[in-house]
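FYI, it's all coordinate maths here, none of it is from the lab. Just so it is clear, the structure is predicted and the values come from calculations on it, not from any experiment. Backbone-built Cβ (ideal geometry, glycine too); neighbour counts: all protein chains shown.
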Amino acid sequence: MKLYDEGDFANDGAFMPRILVVEDDFDIRQVLCVYLKHSGFDVCGAIDGQEAIHLIPEYCPDLVVLDIMMKPVDGWEVLHWLSARRSNPPLPVLVLTALYQLTEQLQGFEEGAIEYLTKPTQPGVIVERIRTILGLSAEQRSMLQRKRIDEQRRTLERIAASQPDEFVY
């Protein structure tokens, strides 16, 4: 059970969800943090997956925005760590990465992401996706994740089925 203190509420008493932004690119992390704060979220930034793993238990975010390609600990390792923690309900993760292949997207969903966006993405789109995810119950998030996995698998199967064995021109 997550305990909130008075810092989790805006001056008008409205609840401010906690968002952890895990991004190794300083400029991207800075823009996302500023934009999310301006949009009414309590935001914390982490420079890589290692810092995220240390921050998650103490910051107790309501959602994580996670880059994948980072060193020394990448986003895949953070997803594995979150999966091993088996928190109930699972911490929602929005992957924001330059990895755009359908197989990478499928892997992201299979490893626990609820949303997968590719860079570059407008900050306003990220905010709306976060609001949508936070507005869902844990059961709805789980159903959405399963739906995304099924959609990605079907898309990959259709692409594989439509590819000829040889490319002839």
Worksheet item: Where the only charges are on Cβ atoms (+1 Lys, Arg; -1 Asp, Glu), what is the dipole of the chain about its Cα centre, to the nearest 20 debye?
Response: 500 debye
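Which order results if VAL78, VAL125 are arranged by neighbouring Cβ count within 10 Å, fewest first? The partial results should precede the final answer.
Details: VAL78 28, VAL125 10.
So the ranking, lowest neighbour count to highest, is VAL125, VAL78.
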Practice prompt. Collect residues whose amide H, placed 1.01 Å from N in the peptide plane, falls under 5 Å from the amide H of ASP48; neighbours closer than 5 in sequence don't count.
Written response: GLU23
Worksheet item: If amide H atoms are built 1.01 Å from N in the plane of the peptide, which residues on other chains or at least 5 residues away come under 5 Å of the amide H of VAL43?
Response: ILE19
Discussion item. From the helices alone, meaning DSSP H stretches of at least four residues, give me the mean residue ellipticity at 222 nm for the chain, per-run term -39500 (n - 2.57), in deg cm²/dmol to the nearest 500.
Written reply: -15500 deg cm²/dmol
Practice prompt. Please report THR118, THR97, THR103 as a ranked list, fewest other C-beta atoms within 10 angstrom at the top and most at the bottom.
Written response: THR103, THR118, THR97
Worksheet, complete the sentence: Between [x] 43, 16, 13; [y] 54, 15, 11; [z] 30, 17, 16, the structure-derived semi-axes √(5λ) of the Cα gyration tensor in Å is [z]
Fill in: Beta bridges by DSSP in the chain, antiparallel share as percent, to the nearest 5
5 percent
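When only Cα pairs under 8 Å and 6 or more residues apart are kept, what is the percent relative contact order across region 6-162?
Details: 226 pairs, mean separation 27.9, N = 157.
Once divided by the residue count of region 6-162, the mean separation gives 18 percent.
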